[in-house]
Amino acid sequence: TIVSLLLLVFVLLSCHCESLKITCCYQTVLMEPSISSTMKAVVVQSTGGIDALQFKADHPTPAVPTGHALIKNEFAGLNFIDTYHRSGLYPRECPFVLGQEGGGTIVKLSDNSHGLKIGDRVAYGVFGSYAEYTSVPINKLVPIPDGLDMQTAVACMTQGLTAHYLSSSVGAGIAQPGDWVLVYGVGSGTGQWTAQMCKLRGYRVIGTTSRCKADNFDNQEDAASSFGCEQLIVLENA
């Protein structure tokens with residue numbers, strides 16, 4: 001009886017050890033081992049002009065609280081709104097890492113929810129993208145499809161989503177396929193996305209752009225085609 005009891009304990013301990021091994025293996029899958037405690041980042045210590053941007057080679061790597069993932073950035077989006085944060089027009093608590101759009105690879109997960117895993121390519125739109133690493137809520141991550149390059153995927157976030165809103169929601173269906181629509185600043189990133197999305201919806205597009213952007217092309221027709229519109233109005237003083 002004692003031998004049988006000892007044998008049972010041995011079996012239970014063996015099973016428990018195997019369970020621990022599986023658990024440990026699972027945990028190592030959730031984090032790459034080579035993540036440094038510090039990182040390179042562009043930090044705003046106090047708001048102001050361009051001199052407010054400070055490059056730090058030893059900024060603390062962000063923590064990864066529950067429901068978050070750590071992204072090793074490959075691209076960071078540069079958007080005009082970043083100047084509002086840097087200047088203080090849109091107040092934020094200092095110091096902070098600038099940027100609110102980026103994309104890269106998941107290197108750490110607080111948990112394995114939403115079907116994401118280490119090594120997945122993702123894009124996102126949260127604060128702190130001017131850095132090697134950004135901690136992002138898992139529900140804010142957008143998986144990048146196979147075949148789509150990272151640079152295009154990141155460009156799709158702020159500018160692409162804004163363009164989708166402008167081309168589909170603004171006007172509440174007033175414009176119908178075949179109607180003419182006017183896109184201001186069609187030479188900008190958001191403007192080009194908007195013009196192309198309007199054409200996909202069947203609209204005919206007139207765009208406006210500055211003379212300096214139009215002069216990058218041989219003629220106005222080439223500029224219009226490149227921007228995604230049928231007709232182009234060049235503004236001399238824009």
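Summary table below
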{"quantity": "Per residue value of the accessible surface for the stretch 166-209 (all protein chains in place, 1.4 Å probe), Å²", "calculated": "53 Å²"}
{"quantity": "Largest to smallest accessible area among 85, 59, 164 [probe 1.4 Å]", "calculated": "164, 59, 85"}
{"quantity": "Exposure of residue 86 as accessible area (Å², to 10), given a probe of 1.4 Å and all protein chains", "calculated": "40 Å²"}
{"quantity": "Spatial separation of Cα centroids for the stretch 175-204 and the stretch 123-168, in angstrom", "calculated": "22 Å"}
{"quantity": "P(r) weight above 20 Å for the stretch 80-222, C-alpha pairs, percent", "calculated": "61 percent"}
{"quantity": "Using a Förster distance of 30 Å, the FRET efficiency for residue 164-residue 221 (Cβ separation, nearest 0.05)", "calculated": "0.65"}
{"quantity": "Segment residue 237-residue 89, extension gain: residue separation times 0.36 nm, minus the distance between their alpha carbons", "calculated": "50.7 nm"}
{"quantity": "Segment residue 38-residue 111, extension gain: residue separation times 0.36 nm, minus the distance between their alpha carbons", "calculated": "24.1 nm"}
{"quantity": "Spin-label model distance (nm) - residue 230 vs residue 53, 7 Å beyond Cα toward Cβ", "calculated": "4.0 nm"}
{"quantity": "Point-charge dipole on Cβ atoms (K/R +1, D/E -1) for the stretch 76-123, about Cα centre, debye to 20", "calculated": "80 debye"}
{"quantity": "Whole-percent carbon and sulfur share, accessible surface of the stretch 94-238, 1.4 Å", "calculated": "52 percent"}
{"quantity": "Anisotropy class of the stretch 43-158 from Cα gyration tensor, a/c 1.5 cut", "calculated": "prolate"}
{"quantity": "The stretch 141-238 shape via C-alpha gyration tensor axes, a/c threshold 1.5", "calculated": "oblate"}
{"quantity": "In Å², nearest 10: area of residue 34 left accessible to a 1.4 Å probe", "calculated": "90 Å²"}
{"quantity": "Surface accessible to a 1.4 Å probe, residue 90 within the full protein complex, Å²", "calculated": "100 Å²"}
{"quantity": "Calculated on alpha-carbon atoms, Rg and Dmax of the stretch 82-150 in Å", "calculated": "13.6, 39"}
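The values are calculated or read from the model by the stated rules, or taken from the named source; none is laboratory data. What you see is a predicted model, and the numbers here were worked out from it, not measured in a lab. Backbone-built Cβ (ideal geometry, glycine too); neighbour counts: all protein chains shown. The protein model used for the area step is the full one, side chains on, heavy atoms only, and it has no ligands, DNA or RNA in it. Shrake-Rupley method; radii C 1.70, N 1.55, O 1.52, S 1.80 Å.
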